[in-house]
Structure formats: structure tokens, C-alpha cells
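Notes follow the structure.
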Amino acid sequence: MLPVTVEQAWDYFGNVSHLVELDPMLESYEPDAGTLQEGTTNHVVSRLGPLRMRMVTRTAVLDPPHRVVFENVKPSWPLRVRAEDALTAHPAGTLYQVTITIGGVGPIGRLLARPVGGRMIRTRRQLMESVLLDLATDS
């Protein structure tokens, strides 16, 4: 639960450079359009444990201030990843939900899907701890 309105949370998560500072998985995130736009591609450098990865994602759905969906474009294997972030108004602030769907492509992908998914969930929890601390400090 985030102690801000849905609109404030959307503005907060929409500040890509600030989010990169907080997200333990992101090293850089550069939308081709300069800002998030539905259908645009994004150049991402991420770190998952000791692995550093370059990838291209596509903003599949952009529904401000409630929902955004990203899908990986490159590499297209061994994993296909779809991440959905949703913000819902709640009496205590904003409920922030993340749904990550990982599909393995081929034998290597099927082998990697579960451990990579688990690691992504752990880094998402670390991000939420950082966000909550950052929001508390800004108040």
C-alpha cells in the first residue's frame, strides 16, 4: 500500500530517472519516444543478480493513471516476459500490484523461467521497500 493518491503514485512511477535510482534491477531505461507512450519501444539495461542484460521492451498498454504493461521484444528468447503494473485507489492510499508472466522458450527457457521469475519477484519487493522509504522521506 502506498500512502499517496493514484495520481501521485502515477507521477512518481512515471519519473523514469528517479525510478532507475531506486529499482535494484534497473541500470538504465530509455524510451525511444523520450517518455512512456503506448506502442513505443524502450531500451533497458538491467541486472538480475550477477547477470547484466540489455533488452528492448515495448509499452503494450498505457492507461494513465491506472495501468501499464511491458513486454520484451529483444531478446525474444529464452524467456518471454510480460510485466503489468496496476494502481488502484484504496481508503489508505493506493494499492500497487505487479503481475509478471514469464514463459520459457525452448528447453533452456523452461529451465530458466522459475529461478528468473523468483529473482524478479525478490527485486520487485526490494523496489517497493525503497519506494516506501523514499515516499516517507519526501513527506
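Mind listing just one residue for me: the one in region 75-100 that is exposed (fewer than 12 other Cβ atoms within 10 Å of the Cβ) and either touching a helix residue (DSSP H, G or I) at 6+ places or on another chain (Cβ under 6 Å) or not small (Gly, Ala, Ser) (or both) and, of those, farthest from residue 41 (Cα to Cα)?
91
Quick one: which of 57, 101, 35 is closer than 30 Å to residue 8 by Cβ, touching a Phe, Trp or Tyr at 6+ places or on another chain (Cβ under 7 Å) and free of Cβ contacts under 8 Å to residues at least 40 places away in the same chain? Spell out how you get there, then give the answer.
Working: 101 fails: touching a Phe, Trp or Tyr at 6+ places or on another chain (Cβ under 7 Å); 35 fails: touching a Phe, Trp or Tyr at 6+ places or on another chain (Cβ under 7 Å).
Result of the check over 57, 101, 35: 57.
Out of all the residues in region 35-91, which are touching a strand residue (DSSP E or B) at 6+ places or on another chain (Cβ under 7 Å) and of a type in the set (S, T, N, Q)?
37, 40, 41, 42, 46, 57, 59, 72, 88, listed by residue number.
Find all pairs meeting these conditions: Cβ atoms under 7 angstrom apart; at least six residues apart or on different chains; first residue within region 125-136 and in contact (Cβ under 8 Å) with a residue 40 or more places away in the chain and of a type outside the set (Gly, Ala, Ser); second residue assigned to a helix (DSSP H, G or I) and surrounded by 14 or more Cβ atoms within 10 Å (Cβ to Cβ).
Every condition considered, the pairs that remain are 127/22; 131/22; 134/22.
Going by the structure shown, is residue 110 more than 30 Å from residue 137 (Cβ to Cβ), without any contact (Cβ under 8 Å) to a residue 12 or more places away in the chain, among the charged types (D, E, K, R) and in contact with a Gly (Cβ under 7 Å, 6 or more places away or on another chain)? Quick ask: steps written out before the conclusion?
Working: more than 30 Å from residue 137 (Cβ to Cβ): yes; without any contact (Cβ under 8 Å) to a residue 12 or more places away in the chain: yes; among the charged types (D, E, K, R): yes; in contact with a Gly (Cβ under 7 Å, 6 or more places away or on another chain): yes.
Yes: the conditions hold for residue 110.
Which is over 23 Å from residue 34 (Cα atoms), modelled with pLDDT under 95 and surrounded by 15 or more Cβ atoms within 10 Å (Cβ to Cβ), of 114, 124, 110?
Working: 114 fails: surrounded by 15 or more Cβ atoms within 10 Å (Cβ to Cβ); 110 fails: surrounded by 15 or more Cβ atoms within 10 Å (Cβ to Cβ).
After applying the criteria, what remains is 124.
Looking only at region 84-116, which residues are within 24 Å of residue 62 (Cβ to Cβ) and either in a helix (DSSP H, G or I) or β-branched (Val, Ile, Thr) (or both)?
Applying the first criterion (within 24 Å of residue 62 (Cβ to Cβ)) to region 84-116 yields 84-90, 93-103.
The answer is 88, 94, 98, 99, 100, 101, 102.
Any residue at all in region 63-80 that is without any contact (Cβ under 8 Å) to a residue 12 or more places away in the chain and either among the β-branched types (Val, Ile, Thr) or part of a strand (DSSP E or B) (or both)? First the steps, then the outcome.
We begin by selecting, within region 63-80, every residue without any contact (Cβ under 8 Å) to a residue 12 or more places away in the chain; these are 63.
Within this subset, residues satisfying the condition of being either among the β-branched types (Val, Ile, Thr) or part of a strand (DSSP E or B) (or both) are 63.
Yes.
Can residue 17 be described as in contact with a Phe, Trp or Tyr (Cβ under 9 Å, 6 or more places away or on another chain) and either surrounded by fewer than 17 Cβ atoms within 10 Å (Cβ to Cβ) or part of a strand (DSSP E or B) (or both)?
Working: in contact with a Phe, Trp or Tyr (Cβ under 9 Å, 6 or more places away or on another chain): yes; either surrounded by fewer than 17 Cβ atoms within 10 Å (Cβ to Cβ) or part of a strand (DSSP E or B) (or both): yes.
Yes: the conditions hold for residue 17.
The values are calculated or read from the model by the stated rules, or taken from the named source; none is laboratory data. On a predicted model such as this, the values are computed, not experimentally measured, just so you know. So basically every Cβ, Gly included, is an ideal-geometry build from the backbone, and we count neighbours across all protein chains shown.
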